[in-house]
Structure formats: structure tokens, C-alpha cells
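In what follows, a structure is listed as C-alpha cells, so that the remarks can point back to it.
The values are calculated or read from the model by the stated rules, or taken from the named source; none is laboratory data. It should be emphasised that the depicted structure is a prediction, and the values quoted were computed from it without experimental measurement. Because the Cβ atoms are built from the backbone with ideal geometry, glycine has one as well, and the counts that use them run over all protein chains shown.
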Amino acid sequence: MKIYLPICLFFGFCSSIAFAINENEVRNFDFDRDLSPEELEELRGLVNKELNLHDLSKLQNTIIEVELNDYMDRLLSNVRELIIKNGIDPTSLPDQKIDIHVGKTKLTEGQLNDTSKIERYENATLSYNTDTQKLIAQMTIRFEDLKFIYKYHTKVTFISMTGHVHGNVKHVHINVQLGFDLKQGLLFVNSINFKHTGSITIKVSGNSLIDWITDAMSFVITGVLHDLILSTIKNIIANPINSIVETVNNFLHPTSFL
């Protein structure tokens, strides 16, 4: 059993896991179906046994690093399917009331598209630090072209304008680092941070547009929507990861989280 078994379990890389019980017997767990309570208990015991077998204390001041590109690509393929299956592409954006200095703009019925078009950027790696006895898996994921649209209603004194604000956010890169503490037998999220916040372009459309009003709208709305969309896609990544971390830790330590 390789030392990154917990990371494998976390990411769901494996459709099954096999354990060598003895020289002539192999126990296989197929994750394409729901395991029974008895099978879950057996799997939990075998995982903990395997973790206890790996005495890495003799290795000191050493960092071991391997590439995980194939594993991460499989993970992202599953993430894409889950995003679509759970109705997160497109994603609804919250209404906004914005002061554009010369008046007020209300944005409604916002929608963010292409959130399922998530890709790995550069190499993904798994490292093990013998001093801390922690595994760290890291990769950078990217959204190359996210499209958004809002309805707007802008009021400036006696002037009222309606139409759509639409545009793109391009080249967003998010670095994700996940770890496993071999001492405690716990998964954890090390960090989820933006490596590149990308660029945003917007266009205001509608009837009877007035340039100085649309210019004021564009100036303010650009920053507001960029921050909002970055926060939205970070949550799309972080929420399921945090949920899975909790689920796996509950599986490995069922009595510790009651």
C-alpha cells in the first residue's frame, strides 16, 4: 500500500481498492456501489492497519515529491461531472444594488456560465515531509473563460435605463493544497488561494443608452462583479472539498467527530 492511500481515498481516484490479507488472499472493495456497514467497518480497519504499518521515522530531513497529473486529471473529470449533475453550471449570481456615484444600479437574475470547464494548470504534485510527517498534494486549476450576464435597472435623477450587463472573466488560476497528517491520521485543507485573478471585460446593452451613464456603470460594476465572480468560483471549489475532508475524517475516526 503506497503512503498516499489517504489522498487516493480523498480524491476518489480509485474505483476500487485491494488489500493483501495474506500471501494467497486479496480483499477488494468496489466503490461503484454502496458498501454495507460491515464492509465499511472492515475497510476502515484495513486502512488504519495499513497506515500503522508505514514507519517512516527513520527518514529524516527528507522531502519526497511525485507528480500526480494523471490522478488529478481523473479528479477534475469527476468534478466536472458533479458540477453539471448538481446544477452548478450555470450558477446563479446574487442580486446587487450598486451606487455608481451619478445614480443607482440594480442587478438581477445574474448567471455565471462555464463553471464546469475546469482544467489542471501545470504539474500537480504530492510531497511528503519526513519532519512534519505530512503529505501535501497541490495543483493549480484554471477557468479559462467564464461568461456572465445580469439584468440591470439604472436610475439617475429622472433618467431610467434597463438592459443587460454581460461579459467574461478569463484566465483565473486557483492553487489548491490538501494534506494528510500521518501522526493524527487526518485529512486537512492546507490552502485554497488565487494564483492569478484573471481579467474581466463587461458590456452594457439596452435601449436609449446614454454614454456618460454607461461609462459610470462600467467603471464601478467591473470591480464589483470581478470580486463577486472570484468569490463564487472559489466557493464552488472549496465547499465540496471541505465536505469531503469532513466525510473522510469521519470515516477514518468515526468516534472522534460525534
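For this structure, a couple of remarks:
- Residues being under 30 Å from Ile210 (Cα atoms) and either surrounded by fewer than 17 Cβ atoms within 10 Å (Cβ to Cβ) or in contact with a Phe, Trp or Tyr (Cβ under 8 Å, 6 or more places away or on another chain) (or both) - total across the stretch 128-146: 1
- Residues located in the stretch 157-186, provided they are basic (Lys, Arg) and either in contact with a Gly (Cβ under 9 Å, 6 or more places away or on another chain) or free of Cβ contacts under 8 Å to residues at least 24 places away in the same chain (or both): Lys170
- Counted as qualifying within the stretch 77-119 are the strands (runs of 3 or more DSSP E) with 1 or more residues that are on the phi < 0 side of the Ramachandran plot and of a type in the set (Lys, Arg), namely 96-99, 104-113.
- Asn190 being over 23 Å from Lys117 (Cα atoms), within 22 Å of the chain's Cα centre (by Cα) and surrounded by fewer than 16 Cβ atoms within 10 Å (Cβ to Cβ): yes
- Count of the stretch 187-217 residues, restricted to those that are under 18 Å from Tyr150 (Cβ atoms) and either touching a helix residue (DSSP H, G or I) at 6+ places or on another chain (Cβ under 7 Å) or among the aromatic types (Phe, Trp, Tyr) (or both), is 3.
- When residues of the stretch 242-258 are limited to those that are touching a residue at least 60 places away in the same chain (Cβ under 8 Å) and out of contact with any strand residue (DSSP E or B) (no Cβ under 6 Å at 6 or more places or on another chain), the one nearest to His173 (Cα to Cα): Ile244
- None of Val176, Val224 is under 30 Å from Thr132 (Cα atoms) and of a type in the set (A, V, I, L, M) except Val176.
- Here Val224 fulfils each of the conditions (1) surrounded by 13 or more Cβ atoms within 10 Å (Cβ to Cβ); (2) in a loop (DSSP other than H, G, I, E, B) apart from (2).
- The residues on offer are Ile118, Ile64, Ile84, Ile88, and the sole one that is modelled with pLDDT under 85 and among the aliphatic types (A, V, I, L, M) is Ile64.
- Only a single item in (1) in contact (Cβ under 8 Å) with a residue 60 or more places away in the chain; (2) within 23 Å of Ile100 (Cβ to Cβ) is not met by Ser218, and it is number (1).
- Asn239 passes every criterion in (1) under 24 Å from the mean Cα position of the chain (by Cα); (2) assigned to a strand (DSSP E or B); (3) not aliphatic (A, V, I, L, M) apart from (2).
- The stretch 197-219, residues that are touching a His at 6+ places or on another chain (Cβ under 7 Å) and either surrounded by fewer than 14 Cβ atoms within 10 Å (Cβ to Cβ) or in a helix (DSSP H, G or I) (or both): Ser199, Lys203, Ser205, Ala216
- Subset tally (residues that are hydroxyl-bearing (Ser, Thr, Tyr) and exposed (fewer than 14 other Cβ atoms within 10 Å of the Cβ)) for the stretch 147-187: 3
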